[in-house]
Amino acid sequence: YFIKEAIMNKKLLKLPVLTLIAGIILQIADSITALAVLKGALEWTPEMETTVFYIRLVISIILFVIIGIILHKIYDRKTLVKPATSLVIYSIVIFALEQIMKYFGAYSVIFYWMNIPIEIFTAITSVLARVSGAESINWIYAIPSLFAPYLFVLFGKKSESGSKDTEQFL
């Protein structure tokens with residue numbers, strides 16, 4: 001029983017580990033992009049911001065699809081709901097703490113590091129803010145990003161047993 005439980009727990013950690021790796025890749029890509037865009041420039045321009053936005057969006061989509069392909073090999077949809085839910089809960093907790101800290105005027109750099117495992121989903125917030133033409137990102141734009149880990153369920157294999165409860169969830 002304990003061996004089966006340990007294997008299941010290890011399996012449930014694959015999605016969070018993959019999104020953590022994707023977040024690290026995005027952070028590195030952001031640094032490289034910013035250096036490349038700023039090379040020879042005297043100031044940050046809206047065109048530079050747009051370039052960085054689209055590069056980050058494309059990299060996020062590519063990483064999302066790569067993770068989805070990896071997940072398709074190891075998860076069925078029903079099993080994939082569990083690690084996706086853990087990421088959703090993590091996202092909500094971090095977001096709530098972040099909002100509370102901002103309210104009290106004490107935003108810590110630790111949130112920068114704590115957001116890395118869910119960094120791949122922030123592109124959704126950025127796209128929503130850009131499409132709406134908002135001057136600043138409102139917390140409402142973050143809500144779809146909080147639940148975005150459930151999009152990985154679409155990459156899961158259909159249950160071999162033909163379980164109807166998985167299909168009802170989707």
Matching helices (runs of 4 or more DSSP H) fully within region 107-153 where at least 1 residues are more than 12 Å from the chain's Cα centre (by Cα) and buried (at least 18 other Cβ atoms within 10 Å of the Cβ): 122-132
Members of region 1-36 that are modelled with pLDDT of 90 or more and among the β-branched types (Val, Ile, Thr): VAL17, THR19, ILE21, ILE24, ILE25, ILE28, ILE32, THR33
Subset of region 129-153 (residues that are of a type outside the set (S, T, N, Q), at pLDDT 90 or above and touching a helix residue (DSSP H, G or I) at 6+ places or on another chain (Cβ under 7 Å)): PRO144, LEU146, PHE147, ALA148, PRO149, TYR150, PHE152, VAL153
Tabulated pairs, region 22-38, first within 16 Å of GLU49 (Cβ to Cβ), second among the polar types (S, T, N, Q), C-beta under 7 angstrom, 6+ apart or interchain: VAL37/THR51
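Hey, any hits in region 57-74 for a residue that's touching a strand residue (DSSP E or B) at 6+ places or on another chain (Cβ under 7 Å), touching a residue at least 60 places away in the same chain (Cβ under 8 Å), surrounded by 14 or more Cβ atoms within 10 Å (Cβ to Cβ) and under 23 Å from LEU15 (Cβ atoms)?
Here is the first cut: in region 57-74, the residues touching a strand residue (DSSP E or B) at 6+ places or on another chain (Cβ under 7 Å) are 72.
Then keep just the ones that are touching a residue at least 60 places away in the same chain (Cβ under 8 Å); that gives 72.
Next cut, surrounded by 14 or more Cβ atoms within 10 Å (Cβ to Cβ) only: 72.
When the remaining residues are screened for being under 23 Å from LEU15 (Cβ atoms), the result is 72.
Among the residues of region 57-74, at least one is touching a strand residue (DSSP E or B) at 6+ places or on another chain (Cβ under 7 Å), touching a residue at least 60 places away in the same chain (Cβ under 8 Å), surrounded by 14 or more Cβ atoms within 10 Å (Cβ to Cβ) and under 23 Å from LEU15 (Cβ atoms), which makes the answer yes.
If only one of THR45, THR85 is of a type in the set (Ser, Thr, Tyr) and under 16 Å from TYR150 (Cβ atoms), which one is it? Walk me through how you get there before you give the answer.
Numbers: THR45 fails: under 16 Å from TYR150 (Cβ atoms).
So the residue among THR45, THR85 that is of a type in the set (Ser, Thr, Tyr) and under 16 Å from TYR150 (Cβ atoms) is THR85.
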Candidate set: region 8-50, residues that are of a type in the set (Val, Ile, Thr) and either under 29 Å from ILE70 (Cβ atoms) or in contact with an Asp or Glu (Cβ under 8 Å, 6 or more places away or on another chain) (or both); chosen: the one surrounded by the most Cβ atoms within 10 Å (Cβ to Cβ): THR19
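For region 154-170, give me the residue count where each residue is modelled with pLDDT of 80 or more and part of a helix (DSSP H, G or I).
To start, the set of residues in region 154-170 that are modelled with pLDDT of 80 or more comprises 154-158.
Subset that is part of a helix (DSSP H, G or I): 154-155.
Matching residues across region 154-170 total 2.
Quick one: is PHE53 surrounded by fewer than 18 Cβ atoms within 10 Å (Cβ to Cβ), at pLDDT 90 or above and within 23 Å of ALA142 (Cβ to Cβ)? Lay out the reasoning, then the answer.
On the way: surrounded by fewer than 18 Cβ atoms within 10 Å (Cβ to Cβ): yes; at pLDDT 90 or above: yes; within 23 Å of ALA142 (Cβ to Cβ): yes.
Yes.
Just to be sure before I move on: is SER126 at pLDDT 95 or above and among the polar types (S, T, N, Q) in the structure I sent?
no
The values are calculated or read from the model by the stated rules, or taken from the named source; none is laboratory data. Fair warning: this is a prediction, and the values are worked out from it, not measured in the lab. Note that each Cβ is placed from the backbone with ideal geometry, even for glycine, and that neighbours are counted across all protein chains shown.
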